[in-house]
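The values are calculated or read from the model by the stated rules, or taken from the named source; none is laboratory data. Keep in mind it's a predicted model, so treat the numbers as computed, not measured. All Cβ positions, glycine included, derive from the backbone under ideal geometry; neighbour counts span all protein chains shown. Ligands, DNA and RNA are excluded from the accessible area calculation, which covers all protein heavy atoms including side chains. Shrake-Rupley method; radii C 1.70, N 1.55, O 1.52, S 1.80 Å.
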Amino acid sequence: MTVNLRGDLWFAMELRSVRLLALMQVAVSVALSTLVFQTITGNHILTPSIMGMDALYILIQTSLVFALGGLGYAGLNAQSKFGVEVVLMAALAWGLFLPLLRYSHALVLVLLGGIVLGVLFRSLSSLLARLIDPNDFAVVQSVSYADFNTVNGELLLPGLALTLVALIVSWRARHRLDIVLLGMPTAIGLGIDWPVLAVGLMLMVGTLVAVSTAMVGPVTFLGLLVVALSRRIVGSDRHGPLIIGSVLVSIILLVGGQTLVGSYLGNALPLGVVIEFAGGIAFVLMLFYGRRL
Amino acid sequence: MISLETVSVSLSGTPVLHDISLDLPRGGITAVIGPNGAGKSTLVSAIARLTPLRSGRICVDGLDVFRAPTRNLAKILAVMPQDNAVAGRLRVGELVQFGRFPHHQGRPTQTDVALVEAALRTFDLWDIHDRFIDTLSGGQRQRARAAMCYAQGTDYMLLDEPLNNLDIYYARELMRTLRQVADTTGRSIVIVLHDLNHAAVHADRIIALRDGRVVADGPAAEVIRPDVLDAVFGFPIRVETISGKPISLHFL
Ligand SMILES: Nc1ncnc2c1ncn2[C@@H]1O[C@H](COP(=O)(O)OP(=O)(O)O)[C@@H](O)[C@H]1O
Ligand SMILES: [Mg+2]
């Protein structure tokens with residue numbers, strides 16, 4: 001991360017290490033949340049964003065700009081805004097998943113509920129977007145894409161702590177996740193407490209997505225890309241190697257990508273856009289080629 | 001012993017099993033027969049704690065299957081569900097190794113490895129233990145799932161239509177293997193079958209379901225009879241005794 005460093009070295013080092021840590025936090029949390037989500041839903045082309053959380057994030061931003069105006073929005077206290085965003089998005093995930101404890105067969109309904117809510121949030125955002133000042137709308141647009149450049153250092157510590165806990169929890173659940181992949185009936189037959197494990201992990205996924213979205217913005221396809229790539233590289237569906245693989249791939253992709261984009265493309269093309277683009281293409285390929293990819 | 005006390009099950013509000021009371025003592029093979037939609041799978045999955053009851057109680061060796069810790073149950077009761085696509089890129093050996101999960105929680109010991117090899121050999125899968133599940137034929141996959149259920153090493157095994165997709169050779173082999181398992185290890189096997197003749201030849205007891213009720217229950221000689229089969233399946237079936245077994249000629 002010292003490529004093309006000029007000027008006040010210490011300041012730049014600090015800035016870059018904060019950004020580096022933030023990128024790694026997002027990388028790890030996106031990889032883990034997508035992998036675990038895919039295992040529990042038994043579907044390799046889903047990402048947790050299907051739960052409407054990034055739509056909720058954009059709705060929050062749009063409503064804030066609508067209520068406070070572009071200037072007021074810019075003047076918001078970053079930490080409390082972050083806190084509110086995390087709480088709202090986590091509440092959405094928890095509200096969707098907690099009923100699964102009682103109705104463990106309703107996973108498909110829960111996913112459907114998430115999709116419907118996502119559509120609702122998106123429609124509300126575009127309704128609000130029509131009502132706000134065009135200048136303010138530019139603000140909304142700029143926060144609707146993942147931005148890996150401006151990272152708030154104060155948000156880093158809670159994010160890192162949470163991600164670390166999630167990493168440990170997922171790692172310890174790796175053998176049970178292998179069993180979950182066999183489907184709910186077989187998993188229960190093998191002694192997995194399915195409702196407790198699935199709901200617990202889904203709450204973790206929801207919280208992770210909430211934190212990383214609040215940190216850099218929506219990263220819909222990043223997780224899909226990362227997990228698909230690491231499945232390819234690892235060549236097995238065992239969660240031990242897959243967790244390590246997808247975390248590493250994710251870090252390499254984000255940190256490496258940011259270095260490349262920052263140094264050689266002069267930030268002309270935001271990394272978020274590049275990754276969404278590549279992820280989108282990967283998604284289409286996966287739809288076409290299924291498991292063979 | 002598996003005991004059901006006035007068990008009723010509803011699926012999406014529709015009653016599927018009505019007030020079933022049954023005792024299945026330790027040992028032997030019990031076959032469950034009945035037309036499509038009779039509730040055979042529902043019965044098996046209720047015993048395996050996969051489908052909640054509307055009322056009643058199911059105990060296995062005195063443990064209420066809906067209250068006892070699921071991890072303890074997995075050491076005495078194994079289930080092979082009817083249709084369960086195996087997701088993921090797994091080898092046959094890995095799948096069967098998962099059957100040992102209740103005992104090793106992800107860290108197989110020497111014993112587990114030996115038992116898995118024995119299970120693979122028992123079900124004639126040793127030659128293909130390195131193949132990926134998604135490259136197998138339906139019948140091979142079915143045998144791999146049965147081997148996994150067997151490898152779990154439980155006193156009770158529930159198998160829902162394990163003969164699906166098996167050719168006549170392997171259907172016979174599987175039934176003979178299960179018979180041998182029941183005879184030599186004293187394990188109890190409950191098996192849903194569509195082939196009445198396999199039930200007649202290999203099972204110690206046959207339970208016939210229709211519309212969520214038990215309509216016949218007893219040894220083959222008492223259940224595989226034209227009048228009983230008419231009541232179960234709704235059409236007369238000729239039965240001939242061959243080598244002392246009642247053989248149904250339902251295709252005539
Ligand atoms: N999810 C469900 N909702 C409502 N009815 C169901 C559901 N699943 C199965 N059934 C009904 O329950 C009955 C018993 O099904 P099942 O136990 O699978 O029968 P079998 O295994 O004997 O063929 C059938 O009439 C079937 O239509
Ligand atoms: Mg069935």
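Being assigned to a loop (DSSP other than H, G, I, E, B) and farther than 16 Å from B:Ala144 by Cα is the filter; apply it to segment B:160-200 and report the residue that is nearest to the chain's Cα centre (by Cα).
Of everything passing the filter in segment B:160-200, B:Leu193 is nearest to the chain's Cα centre (by Cα).
Considering only segment A:177-193, state which residues are buried (at least 22 other Cβ atoms within 10 Å of the Cβ) and either away from every other protein chain (no Cβ under 14 Å) or part of a helix (DSSP H, G or I) (or both).
Across segment A:177-193, the qualifying residues are A:Leu177, A:Asp178, A:Ile179, A:Val180, A:Thr186, A:Ala187, A:Ile188, A:Gly189.
Read through the list (1) within 14 Å of chain A (Cβ to nearest Cβ); (2) touching a residue at least 40 places away in the same chain (Cβ under 8 Å); (3) not polar (S, T, N, Q), then give the number of the only condition that B:His104 fails.
Single failed check for B:His104: (2).
Select from segment A:194-212 the residues that are β-branched (Val, Ile, Thr) and open to solvent by less than 10 Å² (accessible area, probe 1.4 Å) and list them in ascending order. Walk me through it before giving the result.
So the first thing to find is which residues in segment A:194-212 are β-branched (Val, Ile, Thr), and the list is A:196, A:199, A:205, A:207, A:209, A:211.
Hits for segment A:194-212 are A:Val199, A:Val205, A:Val211.
Looking only at segment B:2-46, which residues are on the phi > 0 side of the Ramachandran plot and more than 13 Å from ligand 2 (Cβ to nearest atom)?
B:Thr6, B:Ser12, B:Gly13, B:Asp19, B:Gly27, B:Gly28
I need the full set of residues from segment A:76-86 which are in contact with a helix residue (DSSP H, G or I) (Cβ under 8 Å, 6 or more places away or on another chain) and surrounded by fewer than 17 Cβ atoms within 10 Å (Cβ to Cβ), in order please. Explain how you work it out, then say what you get.
Taking segment A:76-86 first, the residues in contact with a helix residue (DSSP H, G or I) (Cβ under 8 Å, 6 or more places away or on another chain) are A:76, A:78-79, A:81-82, A:84-86.
Of everything in segment A:76-86, those that are in contact with a helix residue (DSSP H, G or I) (Cβ under 8 Å, 6 or more places away or on another chain) and surrounded by fewer than 17 Cβ atoms within 10 Å (Cβ to Cβ) turn out to be A:Leu76, A:Ala78, A:Gln79, A:Val84.
Kindly list, by first and then second residue, each pair from a residue in segment B:67-82 that is facing another protein chain (nearest Cβ under 7 Å) to a residue that is in a helix (DSSP H, G or I) and open to solvent by less than 30 Å² (accessible area, probe 1.4 Å), limited to pairs with Cβ atoms under 6 Å and residues at least 6 apart or on different chains.
Pairs found: B:Ala74/B:Pro102; B:Ala78/B:Cys149; B:Val79/A:Gly189.
Determine whether B:Leu196 is more than 25 Å from B:Arg71 (Cα to Cα), modelled with pLDDT under 95 and of a type in the set (A, V, I, L, M). Explain how you work it out, then say what you get.
Details: more than 25 Å from B:Arg71 (Cα to Cα): yes; modelled with pLDDT under 95: no; of a type in the set (A, V, I, L, M): yes.
So B:Leu196 fails the test.
Please enumerate the residues belonging to segment B:114-137 that are surrounded by fewer than 17 Cβ atoms within 10 Å (Cβ to Cβ), within 14 Å of chain A (Cβ to nearest Cβ) and of a type outside the set (Phe, Trp, Tyr).
B:Asp130, B:Asp134, B:Thr135 - these are the residues of segment B:114-137 that are surrounded by fewer than 17 Cβ atoms within 10 Å (Cβ to Cβ), within 14 Å of chain A (Cβ to nearest Cβ) and of a type outside the set (Phe, Trp, Tyr).
Taking segment B:22-81 as the region of interest, how many residues are away from ligand 1 (no atom under 16 Å from the Cβ), hydroxyl-bearing (Ser, Thr, Tyr) and part of a strand (DSSP E or B)?
1
(1) more than 7 Å from chain A (Cβ to nearest Cβ); (2) touching a helix residue (DSSP H, G or I) at 6+ places or on another chain (Cβ under 7 Å); (3) free of Cβ contacts under 8 Å to residues at least 60 places away in the same chain: which one isn't true of B:Thr111, the others all being true?
(2)
Those residues that are buried (at least 21 other Cβ atoms within 10 Å of the Cβ) and either within 16 Å of ligand 1 (Cβ to nearest atom) or within 14 Å of chain A (Cβ to nearest Cβ) (or both), I need them from segment B:162-178; list them, please.
Correct list: B:Pro162, B:Leu163.
Would you call B:Arg89 farther than 26 Å from B:Asp211 by Cα, away from ligand 1 (no atom under 16 Å from the Cβ) and assigned to a loop (DSSP other than H, G, I, E, B)?
Working: farther than 26 Å from B:Asp211 by Cα: yes; away from ligand 1 (no atom under 16 Å from the Cβ): yes; assigned to a loop (DSSP other than H, G, I, E, B): yes.
So B:Arg89 passes the test.
Where the second residue is of a type in the set (Val, Ile, Thr) and near ligand 1 (Cβ under 6 Å from one of its atoms) and the first is more than 13 Å from B:Met80 (Cβ to Cβ) and lies in segment B:31-51, which pairs have Cβ atoms under 7 Å and are six or more apart or on separate chains?
As it stands, the answer is B:Gly39/B:Val16; B:Thr42/B:Val16; B:Thr51/B:Thr42, since those pairs meet every condition given.
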